[in-house]
Amino acid sequence: MRRLFPVTDMTAHETEAGADREWSFDELADAYAYPELPGGEGAWLRANMVSSLDGAGQHDGRSQPLSSETDMRIFGTLRALADVVVVGAETVRLEGYRPARAREAFAARRAAAGQGPAPVIAVVSASLELDFSLPLFTEPLVPTLILTGAAAPAERVRAAREAGAEVLVAGDGAGVEPVRAKAVLAERGLRRQLTEGGPRLLGQFVAAEVLDELCLTVSPTMTAGDAQRIAGGPPVAVPTRFAVASLLERDGFLFTRYRRI
Ligand SMILES: NC(=O)c1ccc[n+]([C@@H]2O[C@H](COP(=O)([O-])OP(=O)(O)OC[C@H]3O[C@@H](n4cnc5c(N)ncnc54)[C@H](OP(=O)(O)O)[C@@H]3O)[C@@H](O)[C@H]2O)c1
């Protein structure tokens, strides 16, 4: 792994010392630490997404073909730093989402941060058309959350609860309101928030201006076709500006981190 930005005195040293090697989980966790929240209040919502050079956020319905071993290590690290992973229902359905694992490499760090052994997964869904017999609902270390609107179908809410999921209302109608989703999770002490998409969910977080940070892996691939980009839905009135926070490289993959300004 090479750090391309920010450039520090260490950068030259790292390169000389043969730092173009896989970073340890500790090094990755330090590089991706969440910022301190003022007064421990509010929440920080970060997204982790991968895109091909020509802007595809998936290939054959999955993001895995765009990914790499290092990308998966960063994916795991970002999960391990988070209190909660927020994900859209379609990504759960298409990617066969499993509950987050407790990972030995991060156990001490999580304990010191007052976190449980693994992040909570929070699925955003209006329909609750989810397979509640999946391990995501039956075998998590911490009960999976479902974020939905007040008008969610009652029998699906019942099925979710019977399966062991906890259903949280974060919207007055059928859908979840992004601002409320972030606040509802923060009220439960889930302040270090990570979203793994998909594009329809991420687009709403962008439009509602609740996305604080984007960790975008630029995959050195092109796919052509008409795959979704990493954020979809109605466009914002004025493009939201982000500033680069860090840039790492390994095997031609760029691991970028941008913060909203
Ligand atoms: N490139 C990447 O890094 C990346 C990351 C993740 C996913 N993906 C890819 O993206 C694709 C899936 O993404 P997607 O954009 O189609 O779907 P998505 O955002 O994962 O999920 C959309 C679903 O989430 C629920 N939802 C979204 N907004 C909601 C709201 N405000 N209130 C209530 N429910 C809401 C709805 O579920 P219900 O239908 O249940 O109501 C909706 O159908 C997959 O192919 C996946 O591989 C790529």
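Bear in mind these aren't lab numbers, they're just calculated from the coordinates by the rules spelled out. All of these numbers come straight from a predicted model, not from anything done at the bench. Neighbour counts are summed over all protein chains in view; Cβ atoms, including those assigned to glycine, are modelled from backbone coordinates with ideal geometry.
Structure data summary
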{"item": "Scope region 77-100; condition in contact (Cβ under 8 Å) with a residue 60 or more places away in the chain, away from the ligand (no atom under 13 Å from the Cβ) and more than 12 Å from the chain's Cα centre (by Cα); matching residues", "result": "none"}
{"item": "Close pairs (6 angstrom Cβ cut-off, 6 or more residues apart or separate chains): closer than 17 Å to Gly203 by Cα and of a type in the set (A, V, I, L, M, F, W, C) in region 167-179, assigned to a loop (DSSP other than H, G, I, E, B) and more than 9 Å from the ligand (Cβ to nearest atom) anywhere", "result": "Val179/Ala208; Val179/Val210"}
{"item": "Pick from region 60-76, criterion part of a helix (DSSP H, G or I) and more than 10 Å from the ligand (Cβ to nearest atom), ranking: farthest from Leu211 (Cα to Cα)", "result": "Glu69"}
{"item": "From the options Leu211, Leu216, Leu136, Leu190, residue that is buried (at least 17 other Cβ atoms within 10 Å of the Cβ) and assigned to a helix (DSSP H, G or I)", "result": "Leu136"}
{"item": "Search result, residues across region 43-59 that are closer than 20 Å to Arg250 by Cβ, among the small types (Gly, Ala, Ser) and within 8 Å of the ligand (Cβ to nearest atom)", "result": "Ser51"}
{"item": "Verdict on Val176 being touching a helix residue (DSSP H, G or I) at 6+ places or on another chain (Cβ under 6 Å), closer than 25 Å to Glu209 by Cα and not in a helix (DSSP H, G or I)", "result": "no"}
{"item": "Qualifying residue in region 239-255 (condition: buried (at least 17 other Cβ atoms within 10 Å of the Cβ), touching a helix residue (DSSP H, G or I) at 6+ places or on another chain (Cβ under 8 Å) and β-branched (Val, Ile, Thr))", "result": "no"}
{"item": "Selection count, region 109-133, where residues are in a strand (DSSP E or B) and within 12 Å of the ligand (Cβ to nearest atom)", "result": "3"}
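To keep it simple, each residue is scored yes or no on (1) small (Gly, Ala, Ser); (2) within 18 Å of the chain's Cα centre (by Cα).
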{"site": "Gly189", "(1), (2)": "yes, yes"}
{"site": "Gln193", "(1), (2)": "no, yes"}
{"site": "Gly198", "(1), (2)": "yes, yes"}
{"site": "Glu213", "(1), (2)": "no, yes"}
{"site": "Thr217", "(1), (2)": "no, yes"}
{"site": "Thr223", "(1), (2)": "no, no"}
